[in-house]
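The values are calculated or read from the model by the stated rules, or taken from the named source; none is laboratory data. Small disclaimer: the values here were computed from a predicted structure and weren't measured. Every residue, glycine among them, receives a Cβ derived from its backbone with ideal geometry; neighbour counts consider all protein chains shown. Ligands, DNA and RNA are stripped out before the accessible areas are found, and what is left, the full protein with its side chains, is counted by its heavy atoms. Shrake-Rupley method; radii C 1.70, N 1.55, O 1.52, S 1.80 Å.
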Amino acid sequence: MEQTPAAASGTAAPATTTAPVTGAPGTSSAEVVSTGAPVATKPPTSVATDPPLTPDPGSDVAVQITYSGWDAATQAVEVDGYVADVAESGGTCTLTLTQGGTSVTASVPANREPSATSCSSARIGRAQLSPGTWAAVLGYDSATSHGQSERAQVVVP
């Protein structure tokens, strides 16, 4: 049997146990006294909330195209996208198609999503377009923000 250093020296170390004491009288640093009289309080002047998802008025926002292409069923160019980190109502999405010196636009209302604003089904029909490659740009405008996407190429048959 192996001996511990205390046992080897012939003296045993005294055993100690320390437990926290809770709820003991006189241990609180503050004493509560109730008089039964109501206490006047002021309502809060501010409330903690998550930061708004809408940028400052007039700020530039990033518009992303998620789909662009020719839709044979509707005989139109369709472009879908969203405005990142902006969730607001009342904005307008505008699709602009450019070929050479010709530009054609169409606008749709933006849709508020939980964490973004979507631009769905912006379309320009064949009657307004000639065959060939068009540059598509999706823009967004509201009372508080504006921006536009990078160009995407769309081929009209």
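Please go through the stretch 67-87 and pick out each residue that is of a type outside the set (Val, Ile, Thr) and modelled with pLDDT under 95. Explain how you work it out, then say what you get.
Here is the first cut: in the stretch 67-87, the residues of a type outside the set (Val, Ile, Thr) are 67-73, 75-76, 78, 80-82, 84-85, 87.
Within the stretch 67-87, ALA84, ASP85, ALA87 qualify.
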*Which of the residues belonging to the stretch 104-116 are polar (S, T, N, Q) and either within 12 Å of GLY139 (Cβ to Cβ) or crowded, with 21+ Cβ neighbours inside 10 Å (or both)?*
THR105, SER107
*Output the residues belonging to the stretch 133-157 that are open to solvent by 30 Å² or more (accessible area, probe 1.4 Å), at pLDDT 95 or above and farther than 14 Å from TYR82 by Cα.*
THR133, ARG151, GLN153, VAL155, PRO157
_Filter result (open to solvent by 20 Å² or more (accessible area, probe 1.4 Å) and either free of Cβ contacts under 8 Å to residues at least 60 places away in the same chain or under 18 Å from SER118 (Cβ atoms) (or both)) within the stretch 62-71_ = ALA62, GLN64, ILE65, THR66, TYR67, SER68, ASP71
*For the stretch 117-132, state whether one or more residues are surrounded by fewer than 18 Cβ atoms within 10 Å (Cβ to Cβ), part of a strand (DSSP E or B) and of a type in the set (Val, Ile, Thr).*
no
*If you scan the stretch 82-103, which residues turn out to be open to solvent by 20 Å² or more (accessible area, probe 1.4 Å), more than 24 Å from the chain's Cα centre (by Cα) and at negative phi?*
THR96, THR98, GLN99, GLY101, THR102, SER103
